[in-house]
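Visitor: To start, I am sharing the structure in question, which I have written as C-alpha cells.
The values are calculated or read from the model by the stated rules, or taken from the named source; none is laboratory data. Computed from a predicted structure; not experimentally measured. So basically every Cβ, Gly included, is an ideal-geometry build from the backbone, and we count neighbours across all protein chains shown. Side chains are part of the model used for accessible areas, which takes the heavy atoms of the whole protein and leaves out ligands, DNA and RNA. Shrake-Rupley method; radii C 1.70, N 1.55, O 1.52, S 1.80 Å.
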Amino acid sequence: MTAKLKPTEADKKIAECIAKDVSFSVIAGAGSGKTTSLVEALKGIQRSRGNELRKNGQRVVCITYTNRAVGVISSRLGFDDLFYVSTLHGFLWAEIARFQDAIRETLRDAIVPQHMEKAREKDNGGTSQAAQKARKDLERLTAQLAALNAHKPPICYEETVISDYSKCVLNHDDVIDVAAYLITNKPLLRKGLGFKYPYIFVDEAQDTFPQVVEALNAVCADEGLPIVGYFGDPMQQIYDKRAGGFAGPKGSEKIPKEENFRSSTSVIDLLNNFRTDLKQVPGGKNSDVKGSVLITIAQAPDPAGPRKTYTSEQLDEVTAKFEEAVEQWGWTDITPVKNLFLARQMIARRLGFVVSGALVTRVWRISKAAVR
C-alpha cells in the first residue's frame, strides 16, 4: 500500500490470501473502493513477485467488463506489461483462437446441438410467432451445422448479433460458451492457462457468466498457484443469466469489504436494510455526514400491448411519472444530478430515436459499414 492509502481489513485479508497462494472472492458493496482494492492487490504482486514472474515469462491477468475499465485499470498500474488487463471476451478468445480443431469439435458436438434443442423446446407445433421462429431457427441451425462440417475456413469472432456457423463466425455468447466448455473439458488447456497466468483477477464478478466462473475455478482448483480472485457485489448485478452470487474454488476464502466511503450514514442505513449478506459501515469522513433519504415509488402499469409489451402511451406515462418525481425533489436541469436508465429502448425513446427493431438494426448496420 502507498503511504497515503490506509489498507482496510479486507485489503489485509486479500494480501494474506495472495501471500498464502489461496483463491478468494471479495464481496464489495457500493462505495467500498472495490477497484482501489483490486489495483492495490495487483500492485502488491508487482512488488513482491514481479521479477520472478517476468523471469518465468508469466503475467498477471485482470479481467474486467468494459474497454473503459481496461483503460482505467491499466493506467493505474502504469501500463506495466506484467499485467494483462482485458475484457472477458477479449481474453477468452485470445486464449482459445489458435485451437481451431477443438473449437470446431465443440461447436459440432456441444454448442450447436444445444441451440437446436432449445429451438425444438420452443416449437409447440402451433402457429404463434414464437413457434414459427423456433422452426426457422432449427432449419437455419441444421443447415449451418452441415456447412460447418463440410467446410473448414478459420473460425473467427465478430461483434455480431447471431453466429453464422456456415461462415465460421461466432458472436459474443458463443465465444463465452465455447471457451468455458474447452477450459472445463480440456485438462491440457487448463494447465497451460495456469502456468501462463499464476494470478487471475476478475472484476465485476457478479456480471461474469456462471460457466466462466466454473471454468476459472477448474483452472485454480488445486492448492497453491494458480489462484483466482473475484471482486464484485451480487446486489449490483445488471445483466440476466450472469453469475450474481459468485465464489472461488473449494478452499477459497470469502472476504467482505464492509466500508462505504461514498455515502452518508442515512444512505448506508438504507442499504443495510436491503441486504443480509453484507453490513456496511462508514469508511472515512462520511461517518460525520448524516444526509437524508427520500424514496418515491411510481407504480408501473400492467402491459397493455401485444405479447405483454407496453404501448407508446404507457411509455409516455412512465416517463412523465419519473420527470414529475425529479421535479418534486428539485432536481430538474441540475448539472450534478445524474439520471440512471438501464432499459435501452427507454434511453432511445428519451433521446428521440425510433425504437423499431428493424430500423434500429438497419441503422446499426449502416453505422458499422461506415466505420469500416
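Visitor: Which of 341, 231, 261 moves the most in a Gaussian network model of the chain with Cα springs under 10 Å?
Guide: Highest fluctuation among the options: 341.
Visitor: Put a dot 7 Å past each Cα toward the Cβ at residue 350 and residue 160; how far apart are the dots in nm?
Guide: Going from the residue 160 label point to the residue 350 one covers 3.3 nm.
Visitor: Which value at 222 nm does the chain reach when only helices count, each DSSP H run of 4 or more adding -39,500 (n - 2.57), with the total divided by all residues and rounded to the nearest 500 deg cm²/dmol?
Guide: -14500 deg cm²/dmol
Visitor: So which residue, out of 209, 274, 24, gets the largest mean-square fluctuation from a GNM of the chain using Cα contacts under 10 Å as springs?
Guide: Ranking 209, 274, 24 by mean-square fluctuation puts 274 first.
Visitor: If you don't mind, another one. Averaged per residue, what accessible surface does the chain expose to a 1.4 Å probe, in Å²?
Guide: 59 Å²
Visitor: Further question on the same structure: What spacing in nm lies between the two simple spin-label points modelled at residue 75 and residue 326, each 7 Å away from Cα in the Cβ direction?
Guide: Taking the simple label geometry, residue 75 and residue 326 are separated by 2.7 nm.
Visitor: Classify the range 10-92 from the C-alpha gyration tensor, please: rounded if a/c falls under 1.5, else prolate or oblate depending on whether a/b exceeds b/c. Don't skip to the answer; put the middle values down first.
Guide: Working: a/c = 1.65, a/b = 1.04, b/c = 1.58.
Note, shape of the range 10-92 comes out oblate.
Visitor: Let's test the formula: R0 of 22 Å, r as the Cβ-Cβ distance of residue 273 and residue 30. What FRET efficiency results, to the nearest 0.05? All intermediate terms of the calculation are to be shown ahead of the outcome.
Guide: On the way: r = 14 Å, r/R0 = 0.63.
That gives a FRET efficiency of 0.95.
Visitor: Cα gyration tensor of the range 174-245, axes a ≥ b ≥ c as square roots of the eigenvalues: rounded (a/c below 1.5), prolate (a/b > b/c) or oblate?
Guide: Note, shape of the range 174-245 comes out oblate.
Visitor: Please give the contour-minus-distance gain from residue 314 to residue 185: 0.36 nm per residue of separation, less the Cα-Cα distance, rounded to one decimal in nm.
Guide: Gain in length upon complete extension: 41.6 nm.
Visitor: Quick one: of 55/196; 257/279; 6/338; 13/43, which pairs are farther than 20 Å apart, Cα to Cα?
Guide: On the way: 55/196 12 Å; 257/279 9 Å; 6/338 30 Å; 13/43 15 Å.
Going by Cα-Cα distance, 6/338 fall outside the 20 Å limit.
Visitor: Answer with a single label: of (1) 55; (2) 46; (3) 43, which was calculated as percent of Cα pairs over 29 Å apart from the structure in view?
Guide: Correct label, based on the coordinates given: (1).
Visitor: Between residue 235 and residue 146, what is the label-to-label distance in nm when each label sits 7 Å out along the Cα-to-Cβ direction?
Guide: The two pseudo-label positions are separated by 5.5 nm.
Visitor: Further question: With r defined as the distance between the Cβ atoms of residue 281 and residue 133 and R0 fixed at 51 Å, what FRET efficiency is calculated, to the nearest 0.05? Please list the in-between numbers first.
Guide: On the way: r = 51 Å, r/R0 = 1.00.
E between residue 281 and residue 133, to the nearest 0.05, is 0.50.
Visitor: Could you give the length gained by full extension between residue 288 and residue 195, i.e. 0.36 nm per residue of separation minus their alpha carbon distance, to one decimal place?
Guide: 28.7 nm
Visitor: Springs between alpha-carbon atoms under 10 Å, Gaussian network over the chain: tell me which of 57, 29, 194 tops the mean-square fluctuations.
Guide: Fluctuation is largest for 57.
Visitor: Along the Cα-to-C-beta direction of residue 266, a point sits 7 Å from the Cα; which residues of the range 274-292 have their amide N less than 16 Å from that point?
Guide: Inside the label zone: 286-292.
Visitor: Starting from the amide H of residue 233, placed 1.01 Å from N in the peptide plane, find each other amide H under 5 Å away whose residue is 5 or more places distant or on another chain.
Guide: Excluding prolines and chain starts, which carry no amide H, the hits are 28, 205, 206.
Visitor: Evaluate the charge dipole of the chain about its Cα centre and quote only its size in Debye, nearest 20, assuming +1 on the Cβ of each Lys and Arg and -1 on the Cβ of each Asp and Glu. Don't skip to the end; give the middle numbers.
Guide: Numbers: 51 positive and 45 negative charges, 179 e Å.
For the chain, the charge dipole is close to 860 debye.
Visitor: If you don't mind, there's one more thing I want to ask. DSSP beta bridges in the chain, what fraction antiparallel, as a percent rounded to 5?
Guide: Close to 5 percent.
Visitor: Determine the gain in length on full extension of the stretch residue 47-residue 109; use 0.36 nm per residue of separation and subtract their C-alpha separation, reporting nm with one decimal. Walk me through the numbers before you get to the answer.
Guide: Numbers: separation 62, 0.36 × 62 = 22.32 nm, distance 4.52 nm.
That works out to 17.8 nm of additional length.
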